[in-house]
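A.B. asks: Sharing a structure with you now.
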Ligand SMILES: Nc1ncnc2c1ncn2[C@@H]1O[C@H](COP(=O)(O)OP(=O)(O)O)[C@@H](O)[C@H]1O
Ligand SMILES: [Mg+2]
């Protein structure tokens, strides 16, 4: 597995309590996941790639180790999804969200974290960027 540092010029898009996401080129981004395990990041990469086949998620190209000053964390190099956060809030169930849930179900994935910034609206439709394993399962 490669060990990398966040490239200079990467743009920090979001930093939260579980990690951070940087856009590292026109097409790619890196999701750095703090204090995770290899088995969990592999699961997340797998969900992404299963959903990516159905064009419902960005592809994960590589799992890397990301070094900062003090620590090493796992990172997922993914296709960067242009677009904006969906405006889905907590209990709002619009038809498009139902459609997305159905499409995910067809490929055997249940994701209980489909809201706001985890779902992005793109020119080609909705894409789910977050498959945190604790929120997801395979259903067939
Ligand atoms: N592939 C991606 N393309 C564009 N933005 C992304 C992508 N992955 C993550 N992001 C952005 O980074 C944020 C955090 O990533 P996310 O996977 O939701 O992490 P967390 O598990 O910390 O919620 C997302 O809500 C989204 O704004
Ligand atoms: Mg998220």
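The values are calculated or read from the model by the stated rules, or taken from the named source; none is laboratory data. Here the structure is a predicted model, which means the values were calculated and not measured. Please note: Cβ atoms are built from the backbone with ideal geometry, for glycine as well, and neighbour counts cover all protein chains shown.
A.B. asks: Limited to region 107-140, what total is found for residues that are farther than 12 Å from residue 85 by Cα, more than 12 Å from ligand 2 (Cβ to nearest atom) and within 12 Å of the chain's Cα centre (by Cα)?
C.D. replies: Matching residues across region 107-140 total 1.
A.B. asks: Output yes when any residue across region 80-88 is assigned to a loop (DSSP other than H, G, I, E, B), within 11 Å of the chain's Cα centre (by Cα) and either within 16 Å of ligand 1 (Cβ to nearest atom) or modelled with pLDDT of 95 or more (or both), and no when none is.
C.D. replies: Yes, because at least one residue in region 80-88 is assigned to a loop (DSSP other than H, G, I, E, B), within 11 Å of the chain's Cα centre (by Cα) and either within 16 Å of ligand 1 (Cβ to nearest atom) or modelled with pLDDT of 95 or more (or both).
A.B. asks: Ok, one more. Consider region 116-140. How many of its residues are out of contact with any strand residue (DSSP E or B) (no Cβ under 6 Å at 6 or more places or on another chain), modelled with pLDDT of 95 or more, surrounded by fewer than 17 Cβ atoms within 10 Å (Cβ to Cβ) and not in a helix (DSSP H, G or I)?
C.D. replies: Residues flagged as out of contact with any strand residue (DSSP E or B) (no Cβ under 6 Å at 6 or more places or on another chain), modelled with pLDDT of 95 or more, surrounded by fewer than 17 Cβ atoms within 10 Å (Cβ to Cβ) and not in a helix (DSSP H, G or I) within region 116-140 amount to 1.
A.B. asks: While we're here: So which residues in region 1-36 are surrounded by fewer than 11 Cβ atoms within 10 Å (Cβ to Cβ), under 11 Å from residue 74 (Cβ atoms) and at pLDDT 95 or above?
C.D. replies: Residues satisfying the conditions are 1, 3.
A.B. asks: In addition: So residue 113 clears everything in (1) crowded, with 17+ Cβ neighbours inside 10 Å; (2) touching a helix residue (DSSP H, G or I) at 6+ places or on another chain (Cβ under 7 Å); (3) in a loop (DSSP other than H, G, I, E, B) except one condition, right? Which one?
C.D. replies: The one condition residue 113 does not meet is (1).
A.B. asks: Another question about this same structure. Say we look at region 1-44 and pick out the residues that are part of a strand (DSSP E or B) and more than 14 Å from ligand 1 (Cβ to nearest atom); which of these is nearest to residue 85 (Cα to Cα)?
C.D. replies: Only one residue fits best here, namely 4.
A.B. asks: Okay, next question. Checking residue 59 against (1) more than 24 Å from residue 18 (Cα to Cα); (2) without any contact (Cβ under 8 Å) to a residue 40 or more places away in the chain; (3) touching a helix residue (DSSP H, G or I) at 6+ places or on another chain (Cβ under 8 Å), which test does it fail?
C.D. replies: Of everything listed in (1) more than 24 Å from residue 18 (Cα to Cα); (2) without any contact (Cβ under 8 Å) to a residue 40 or more places away in the chain; (3) touching a helix residue (DSSP H, G or I) at 6+ places or on another chain (Cβ under 8 Å), residue 59 misses just condition (1).
A.B. asks: Within region 38-47, is there a residue that is farther than 17 Å from residue 18 by Cα, modelled with pLDDT of 95 or more and more than 16 Å from ligand 2 (Cβ to nearest atom)?
C.D. replies: The answer is yes; a qualifying residue exists.
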